[in-house]
C-alpha cells in the first residue's frame, strides 16, 4: 500500500521517517475498510501517525467541508497532533480547537480556511456545535485519541452529545494505551477490528523501564525528592503528583530550595502551560512537576527519569501509566512507610537507615544500596542495577 500511494510517501519524507512500525502498518491496512477500529498501543509507540496517515487515503480533495473530527482529552495533545499533520505537508488544512483562548479566533479559522480536519477537546467542540460554527453532518470519520483518559477526565457527556450530532459517520477509530473493559454505547462502534499492540511481556517491560522505589525518612518526602533531583543534575525528569494543589506545593517547596522547575496541570492558564512545556522540551528547564495530564500522548523527547511523588499517604498517582512514561529509562516511586504496600512491584527498594526496615520482606536490598547518598552517587556514575 505504501508503494502505491505517493501522498503517504511524501508525508513520510517530510516527517523524515524511513519506515513504519508494525502497529502503524496494521492501522494503515485498515484505512479503507468499512469496520471501526480500536487501536491499543503503549505511550510513545507512534499512535498519532497510526491514525493520521490512513486519513490521507480517505480525505477528499477539493472539498471545503469538515471531513474528520479528532477528539482529544487535552489542549497540548490537540496542538501536538495539529503540528504533526501540518508537518506532513499535505494540501488539507486543519483547525485546532481548545479552551484557554477566544473561541472567535477558531470560528474565523474554520469559516475562512475551510479545514478538512478539526482537532479539539470535547468541551470546546461542544461549544462550536452549539453556536453552529461548522456543519457536523459532513463529518465521515471520527477519531478519539486517548479514549479512556477522556472518560477519566469527565468528558463522557460531551463526547456523547458530539457523536449524536454526526449522522454521516462512516468510520470510527478509538485509540488508547490501556485496554478498557467496556466501551460506552454512545460511541456507536459497529463491526470493530481490535488491533492490540500492548505487550504482556514482563521482561520486555522491565528492560524498557527500571522501576525503583525510594523510601523517605520523613512523611513530607520533599527533602528526599530534592536530594535525588539535585544529584541527578541536568537529566530531564518529570515529577508526577496526585493533585493540582500538590503540584503547586511541590513546585513552591523546590523553588524555596532554589531548584529550577516548571509546573504543569489543568488549572493553569493555557499560555503558562504552553510556556512550561516549551521550556521543558527545549531543555532550558530540566524538571517538570505535573499531574497525570502529562502522562498521556505528549511527545517530549529525551526523558531519562521520572518520579512518582505520592503526596498523600498510601496513594499512588491515578494512572498506572505514570510509571510507563514514553522513553523514560528509570522511574522512582518516592514514598513514606505507609506507602510501602502500594510499591511492591518495584525492582529494588532504596531507603536510608531510618526507614529501610519498613521495606517488604520479599525484596532484597543489597547492602551497598541501603543509603540514599550511596544510591544517587551510583546513579551519577551511570551504574545500572
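The values are calculated or read from the model by the stated rules, or taken from the named source; none is laboratory data. Just so we're clear, the structure is a prediction, and the values are computed from it rather than from any experiment. Cβ sites come from the backbone with ideal geometry, for glycine too, and all protein chains shown count toward neighbours.
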Taking residue 225 as the residue in question, decide whether it is under 23 Å from residue 77 (Cβ atoms), at pLDDT 80 or above and touching a strand residue (DSSP E or B) at 6+ places or on another chain (Cβ under 6 Å). no
Residues (in contact with a helix residue (DSSP H, G or I) (Cβ under 7 Å, 6 or more places away or on another chain), under 22 Å from residue 27 (Cβ atoms) and either touching a residue at least 40 places away in the same chain (Cβ under 8 Å) or surrounded by fewer than 17 Cβ atoms within 10 Å (Cβ to Cβ) (or both)) located in the stretch 147-183: 150, 159, 166, 172, 173, 174, 175, 176, 177, 178, 180
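Could you identify the single residue in 65, 45 that is in contact (Cβ under 8 Å) with a residue 12 or more places away in the chain, in contact with a helix residue (DSSP H, G or I) (Cβ under 7 Å, 6 or more places away or on another chain) and within 28 Å of residue 136 (Cβ to Cβ)?
From the options 65, 45, the qualifying one is 65.
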Exactly one of 61, 22 is loosely packed, with under 14 Cβ neighbours inside 10 Å and over 24 Å from the mean Cα position of the chain (by Cα), and that residue is 61
Return only the number of the condition from (1) in contact with a strand residue (DSSP E or B) (Cβ under 9 Å, 6 or more places away or on another chain); (2) at positive phi that residue 242 does not satisfy. (2)
Which count do you get for residues in the stretch 28-39 that are touching a strand residue (DSSP E or B) at 6+ places or on another chain (Cβ under 6 Å) and buried (at least 20 other Cβ atoms within 10 Å of the Cβ)? 4
Among the residues of the stretch 219-247, write down those that are assigned to a helix (DSSP H, G or I) and either in contact with a helix residue (DSSP H, G or I) (Cβ under 8 Å, 6 or more places away or on another chain) or buried (at least 18 other Cβ atoms within 10 Å of the Cβ) (or both). 222, 224, 225, 226, 227, 228, 229, 231, 232, 246, 247
Identify all residues within the stretch 81-113 that are farther than 24 Å from residue 15 by Cβ and either in contact (Cβ under 8 Å) with a residue 40 or more places away in the chain or in a helix (DSSP H, G or I) (or both); write none if there are none. 99, 100, 101, 103, 104, 105, 106, 107, 108, 110, 111, 112
In the stretch 259-274, is there at least one residue being buried (at least 16 other Cβ atoms within 10 Å of the Cβ), modelled with pLDDT of 80 or more and part of a helix (DSSP H, G or I)? yes
So, in the stretch 66-101, of the ones that are loosely packed, with under 15 Cβ neighbours inside 10 Å and within 21 Å of residue 264 (Cα to Cα), which residue ends up farthest from the chain's Cα centre (by Cα)? 101
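Which of the residues that make up the stretch 166-180 are part of a loop (DSSP other than H, G, I, E, B) and over 20 Å from the mean Cα position of the chain (by Cα)?
166, 167, 168, 169, 170, listed by residue number.
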